[in-house]
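Participant: Pasting a structure below so you can have a look.
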Amino acid sequence: MVTPSQTVSLYLARSRVALGQLVEAAEDYRSVLASAEPGVKSAALAIACEELAQLRPRIPSIEIALGTAEQRARNLRLVLDGKMIHSGTPVAVDPGHHEVVASDADGEQARLSFETTEGEAKTMGMTWLSASGHPTKRPEQVTGSSARRTWGVVALTVGATGLGIGTVTGIAALSRYSAADQHCPANKCTEGAPYPEDGSAFRTLRTISAAGYIVGGAGIGTWLGLLLTTPTTTAEHPTVSPWTPVVGMGSAGARYVF
């Protein structure tokens with residue numbers, strides 16, 4: 001006799017196989033087999049047993065191998081895709097991208113990303129301690145330098161754009177002023193002269209140009225402030241800024257050294 005729960009689990013397992021969730025699908029097949037009553041056989045049980053046997057070889061596995069020093073680390077933790085695992089023990093995973101994070105009493109020590117395909121069995125090594133048990137590399141400290149550099153680039157971009165707009169509109173304003181001045185010598189406009197239009201355009205462009213220079217100056221000033229106040233790592237090995245200001249006639253920018 002086939003129970004509703006067996007039918008639901010069977011179709012759920014097939015759906016997960018189609019989605020590539022092979023580990024969860026195998027659990028659904030096993031739940032169908034576990035729900036069988038002793039001595040009772042059904043079509044669903046036979047199908048689940050057959051499809052589970054076909055699925056098993058397709059499920060990838062990953063084993064994390066640690067060095068001797070790492071295995072002795074205090075409070076050792078290995079987390080695979082958010083779940084705790086043990087080193088030296090194969091773990092079934094779905095095909096696709098995975099990440100392992102290793103940490104001990106001193107915090108996170110190593111992070112490893114990898115891809116798996118159907119039927120693949122991988123062994124990945126992770127080491128971060130020397131033979132004496134000391135870290136071979138100091139963990140990188142997260143500081144605000146990256147954020148300051150990002151805001152510096154934003155400020156520099158805004159500043160350079162503002163200076164560019166101020167320069168272009170300033171040149172256009174001078175052109176309008178010259179045109180109006182030619183038609184109105186000694187402030188007396190000739191008949192038919194387009195002074196009102198030129199004068200209005202001159203005042204508008206002058207305002208835009210001034211605003212552009214103000215925004216540009218504020219952006220460049222903010223960038224220079226961030227550049228000069230970025231803290232150094234140590235006194236012996238200071239962090240040298242990779243940005244070099246470049247200022248020219250009507251333009252401003254920066255050169256980045258990789």
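The values are calculated or read from the model by the stated rules, or taken from the named source; none is laboratory data. None of these values were measured; they are calculated from a predicted model. Reconstructed Cβ throughout: ideal geometry from the backbone, glycine too, with neighbour counts over all protein chains shown.
Participant: Are any residues in the range 22-42 more than 11 Å from L55 (Cβ to Cβ) and of a type in the set (K, R), and if so, which ones?
Facilitator: Within the range 22-42, K41 is the sole residue that qualifies.
Participant: Continuing with the same structure: Taking the range 66-81 as the region of interest, how many residues are at pLDDT below 90 and aliphatic (A, V, I, L, M)?
Facilitator: 4
Participant: Further question: Listed residues E99, E51, E63; which is out of contact with any Ser or Thr (no Cβ under 8 Å at 6 or more places or on another chain) and modelled with pLDDT of 90 or more?
Facilitator: Numbers: E99 fails: out of contact with any Ser or Thr (no Cβ under 8 Å at 6 or more places or on another chain); E63 fails: out of contact with any Ser or Thr (no Cβ under 8 Å at 6 or more places or on another chain).
Result: E51 is the single residue among E99, E51, E63 that is out of contact with any Ser or Thr (no Cβ under 8 Å at 6 or more places or on another chain) and modelled with pLDDT of 90 or more.
Participant: Do we find that S9 is farther than 27 Å from S103 by Cβ and surrounded by fewer than 16 Cβ atoms within 10 Å (Cβ to Cβ) in this structure? Walk me through it before giving the result.
Facilitator: Numbers: farther than 27 Å from S103 by Cβ: yes; surrounded by fewer than 16 Cβ atoms within 10 Å (Cβ to Cβ): no.
Considered against the rule, which asks whether it is farther than 27 Å from S103 by Cβ and surrounded by fewer than 16 Cβ atoms within 10 Å (Cβ to Cβ), S9 comes out as no.
Participant: Something else about it: Being out of contact with any Cys (no Cβ under 7 Å at 6 or more places or on another chain), assigned to a helix (DSSP H, G or I) and either at pLDDT below 75 or surrounded by 15 or more Cβ atoms within 10 Å (Cβ to Cβ) (or both): is that true of P196 here?
Facilitator: Yes.
Participant: Hey, can you tell me all the residues within the range 69-87 that are touching a residue at least 40 places away in the same chain (Cβ under 8 Å) and in a helix (DSSP H, G or I)?
Facilitator: Hits for the range 69-87 are A69, E70.
Participant: Scan the range 139-185 residue by residue and report those that are within 18 Å of W223 (Cα to Cα), hydroxyl-bearing (S, T, Y) and at pLDDT below 70.
Facilitator: S145, S146
Participant: Within the range 13-65, track down each residue that is farther than 29 Å from M126 by Cβ, of a type in the set (G, A, S) and not in a helix (DSSP H, G or I).
Facilitator: Hits for the range 13-65 are S35, A36, G39, S42.
Participant: Look through A36, A48, A43 and report the one residue that is surrounded by 18 or more Cβ atoms within 10 Å (Cβ to Cβ), not assigned by TED's automatic domain parsing to the domain that holds T117 and not polar (S, T, N, Q). I'd like the intermediate steps shown before the answer.
Facilitator: Values: A36 fails: surrounded by 18 or more Cβ atoms within 10 Å (Cβ to Cβ); A43 fails: surrounded by 18 or more Cβ atoms within 10 Å (Cβ to Cβ).
Result: A48 is the single residue among A36, A48, A43 that is surrounded by 18 or more Cβ atoms within 10 Å (Cβ to Cβ), not assigned by TED's automatic domain parsing to the domain that holds T117 and not polar (S, T, N, Q).
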